[in-house]
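One structure below.
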Amino acid sequence: MGPEADAVNLALLGLRLILAGVMLAHGINHIIGGGKIAGTGRWFASLGMKPGPLHAWLASLTEVGAGVLLLVGLLTPLACAGVIGVMLVALITNHLKNGFFIFRPGEGYEYVLTLTVVAVCLALLGAGEWSLDDALELDAMNGWSGLWMAVGAGGGGTALLLAGFWRPEKPAD
């Protein structure tokens with residue numbers, strides 16, 4: 001293993017740890033922070049995700065689960081699918097209509113788009129040699145296979161969830 005491989009593995013570890021930290025913080029905050037699950041559920045319901053408490057739990061547990069998997073580099077495409085799914089739902093139900101910049105009223109989509117793209121790239125690249133995926137020889141999930149698993153499960157899950165449960169209020173005439 002040369003210095004180039006060490007650099008790539010360090011970069012992949014850094015991406016995994018940052019993305020894991022963000023997802024864990026989000027999920028835990030939805031569960032125990034602020035308004036807890038009840039408040040998160042009310043907010044989700046206000047976005048049209050009904051029933052709100054169900055979606056608050058689904059999103060929160062997906063964020064925590066993806067965060068834990070990313071932290072140790074296990075089943076990385078599955079973890080990335082969780083990130084992609086949660087972020088695409090957030091993008092479509094809340095952020096897209098507010099424009100690009102996060103500091104705009106209602107919060108734009110730059111943040112959720114960035115997390116989505118990082119997850120897509122990580123799914124394609126794999127967790128690196130400093131991961132449980134590598135230790136358990138799960139390298140069949142690296143490359144194009146990992147990308148298609150993550151995008152298929154994350155995007156497909158998003159489409160199914162929105163088709164089944166998203167009922168935004170119609171704007172007044």
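Report yes if some residue within region 101-108 is hydrophobic (A, V, I, L, M, F, W, C) and touching a Ser or Thr at 6+ places or on another chain (Cβ under 8 Å); otherwise report no.
No, that holds for no residue.
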Region 64-83, residues that are open to solvent by less than 20 Å² (accessible area, probe 1.4 Å), of a type in the set (V, I, T) and either at pLDDT below 95 or closer than 23 Å to I32 by Cα (or both): V83
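Residues that are out of contact with any Phe, Trp or Tyr (no Cβ under 9 Å at 6 or more places or on another chain), of a type in the set (S, T, N, Q), farther than 21 Å from S60 by Cβ and open to solvent by less than 30 Å² (accessible area, probe 1.4 Å): does region 157-165 have at least one?
Keep residues of region 157-165 that are out of contact with any Phe, Trp or Tyr (no Cβ under 9 Å at 6 or more places or on another chain), which gives 157-165.
This time we only want the ones that are of a type in the set (S, T, N, Q), so: 158.
Then keep just the ones that are farther than 21 Å from S60 by Cβ; that gives none.
There is no residue in region 157-165 that is out of contact with any Phe, Trp or Tyr (no Cβ under 9 Å at 6 or more places or on another chain), of a type in the set (S, T, N, Q), farther than 21 Å from S60 by Cβ and open to solvent by less than 30 Å² (accessible area, probe 1.4 Å).
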What pairs come up if the first residue lies in region 47-66 and is within 13 Å of V89 (Cβ to Cβ) and among the small types (G, A, S), the second is open to solvent by less than 50 Å² (accessible area, probe 1.4 Å) and not in a helix (DSSP H, G or I), and their beta carbons are under 9 Å apart, counting only those six or more places apart or on different chains? A56/M49; A59/M49
Name the residues in region 84-107 that are more than 13 Å from the chain's Cα centre (by Cα) and either within 27 Å of W148 (Cα to Cα) or modelled with pLDDT of 95 or more (or both), would you? I92, T93, N94, H95, L96, F100
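Within region 125-134, is there a residue that is among the small types (G, A, S), surrounded by fewer than 16 Cβ atoms within 10 Å (Cβ to Cβ), part of a loop (DSSP other than H, G, I, E, B) and over 14 Å from the mean Cα position of the chain (by Cα)? Write out each step before concluding.
Within region 125-134, the first condition is being among the small types (G, A, S), and the residues that meet it are 126-128, 131.
With surrounded by fewer than 16 Cβ atoms within 10 Å (Cβ to Cβ) added as a condition, the list becomes none.
Within region 125-134, not a single residue is among the small types (G, A, S), surrounded by fewer than 16 Cβ atoms within 10 Å (Cβ to Cβ), part of a loop (DSSP other than H, G, I, E, B) and over 14 Å from the mean Cα position of the chain (by Cα).
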Scan (1) buried (at least 19 other Cβ atoms within 10 Å of the Cβ); (2) not in a helix (DSSP H, G or I) for the single condition E169 breaks and write down its number. (1)
Take region 8-24 and flag every residue that is open to solvent by less than 60 Å² (accessible area, probe 1.4 Å) and of a type in the set (A, V, I, L, M, F, W, C). A11, L12, L13, L19, A20, V22, M23, L24
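The values are calculated or read from the model by the stated rules, or taken from the named source; none is laboratory data. It should be emphasised that the depicted structure is a prediction, and the values quoted were computed from it without experimental measurement. Note that each Cβ is placed from the backbone with ideal geometry, even for glycine, and that neighbours are counted across all protein chains shown. Remember, those area values only see protein heavy atoms, side chains included, never the ligands or the DNA or RNA. Shrake-Rupley method; radii C 1.70, N 1.55, O 1.52, S 1.80 Å.
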